[in-house]
Amino acid sequence: MTEKYPWHFATQAVHAGERAPRPDFTPIATPIYPAATFFYDDVADTYAAIAAERPGYSYTRYGNPTVAAFEEAVATLERGESAVAYASGMAAVLGALLGSGVRAGESIVVAQDVYGATYSLLANFFPRFAVGVTFVDITDLAAVEAAVARERPRALHCETMSNPLLKLADLDALAAIAHAHDALLLVDNTFTTPCLVQPLAHGADLVIHSATKYLGGHGDVTGGVVVTSAVRADAMRMEQRNVGGILGPQEAWLALRGLKTLPLRMARHGLNAWEVATWLASHPHVSRVYYPGLPTYPQHELARRLFAHGNCGGMVSFDIAGGDKAAVLRFLNALRLCLPVASLGDVYTLLMYPAMSSHRTLTPEQRSAVGIGDGLVRLSVGIEDVSDIIADLEQALAA
């Protein structure tokens, strides 16, 4: 026993070093608060924090200071009032859809070529709870208008840039359509990030990110976040308490650290992607390149309006000429620098085969209906020297 810790050895092992006096300094970086629970000098304050009757933290499922710092940072970059962080990008998609207020007997209208897991969630999960789901070509504004007018949905959901065909959503027009029929516009902004497009400024009501991708940016964190109004965010947090899909403090800290270099990384991603897309467009083994920055891209004019600074992001998709599954797998196996993995938005250059990964749950007919062929490859261009990226793609295509 000691004067400072007047307890037996086993008790000292548990308590010694903990709960130091509150410092009068401020650390330059946000600390990681791994604590599951928090208490106050007066126990009444502890219970007031639990009941949200006073500012503060009580239980990490209800809120955590490290997570709150990440939420504030993302909300600031997206020019939103508030943000709610989730355990993954898909948890954020679900949180946003629930946050739209959709109930049994109501409906959602969705872009037909959304991310495969989002498609599966909407096609297979929501109908089990009597929520109608209508898929529509988001680039056909007349079809969108007709679907929204007919279905009177609670929400219209799309991606700023679709996965994996990189189709662009005319956010201003879609917001006008949604709001004219009392629907909310939900926009997944993962591919473009707030560096390139801020959907709230175009009329969106909720903006979704998989923080696993560009926001974190280093392939070492899984998370998601939704940016919306303060009132809606508070309601979403109450639902999140019950569902429990919270972002952990360690993951929040990693994502917050990643955000600090987001503008620098996105600038390099964009420059490299432009060069890679231009090179691929002239390659004899490539039949088509999907990249909004190319003048030949069908939505190039919309890209010029959406991407005010000319940076169209780091994503490029392309069809291998005459490619089938065997040819694509030979190409992927021949890569030496670029990594064939099921993710995107890292500092590394990553390639993915949608037919066997992101859209594997779709039938061949469903994939064909949205334009995903057997030769399609999705490329997330990293921040390496672009000449090394191109050299690796060249030798792999030769294989």
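See the values below:
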quantity: Charge dipole (debye, nearest 20) of region 262-398; +1 at Cβ of Lys and Arg, -1 at Cβ of Asp and Glu; calculated: 300
quantity: Residue-span extension gain [D45 to A281] - 0.36 nm each, minus C-alpha spacing; calculated: 78.6 nm
quantity: Antiparallel %, DSSP beta bridges [both residues in region 43-259], to 5; calculated: 40
quantity: Charge dipole of the chain about the Cα centre (unit charges at C-beta), most positive-ward option of S58, N124, A20; calculated: N124
quantity: Among [x] 23.2, 79; [y] 23.1, 72; [z] 21.9, 73, the entry that matches Rg and Dmax of the Cα atoms in Å as calculated here; calculated: [x]
quantity: Residue exposure sequence - L256, L329 - by fewest surrounding Cβ within 10 Å; calculated: L329, L256
quantity: Within a Gaussian network of the chain (alpha carbon springs, distance under 10 Å), most fluctuating of C312, C338, C158; calculated: C338
quantity: Listed residues T296, T160, T212, most fluctuating in the chain (Gaussian network, C-alpha, under 10 Å); calculated: T296
quantity: At most 15 other Cβ within 10 Å, DSSP loop - trypsin sites (Lys or Arg not before Pro), region 330-392; calculated: R336, R360
quantity: Cβ-based exposure ranking for F191, F38, F331, in which fewest neighbours within 10 Å come first; calculated: F38, F331, F191
quantity: Alpha-carbon centroid distance for the pair region 277-319 / region 2-66, whole angstrom; calculated: 51
quantity: Estimated 222 nm signal from helices in the chain, with DSSP H stretches of n ≥ 4 weighted -39500 (n - 2.57), rounded to 500; calculated: -11000 deg cm²/dmol
quantity: Added length on full extension, which subtracts the Cα-Cα distance from 0.36 nm per residue, E301 to L141; calculated: 56.0 nm
quantity: Net dipole in debye of the chain [+1 Lys, Arg Cβ; -1 Asp, Glu Cβ; about Cα centre; nearest 20]; calculated: 400
quantity: Furthest towards positive pole of dipole, M236, L166, G322, structure part the chain, Cβ charges; calculated: G322
quantity: For the chain, share of DSSP beta bridges that run antiparallel, in % to the nearest 5; calculated: 55
quantity: Selected from A273, A255, V377, residue furthest toward positive end of dipole (region 250-389; charges at beta carbon); calculated: A255
quantity: Neighbour-count ranking [beta-carbon atoms within 10 angstrom, fewest first] of V227, V148; calculated: V148, V227
quantity: Student exercise, region 85-189 dipole from Lys, Arg, Asp, Glu Cβ charges, in Debye to nearest 20; calculated: 420
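Each value in this text was obtained by applying a stated rule to the coordinates, not by laboratory testing. Predicted model only: the values in this text are computed from it and were never measured. Quick reminder, even Gly has a Cβ in these numbers, built from the backbone with ideal geometry, and neighbours come from all protein chains shown.
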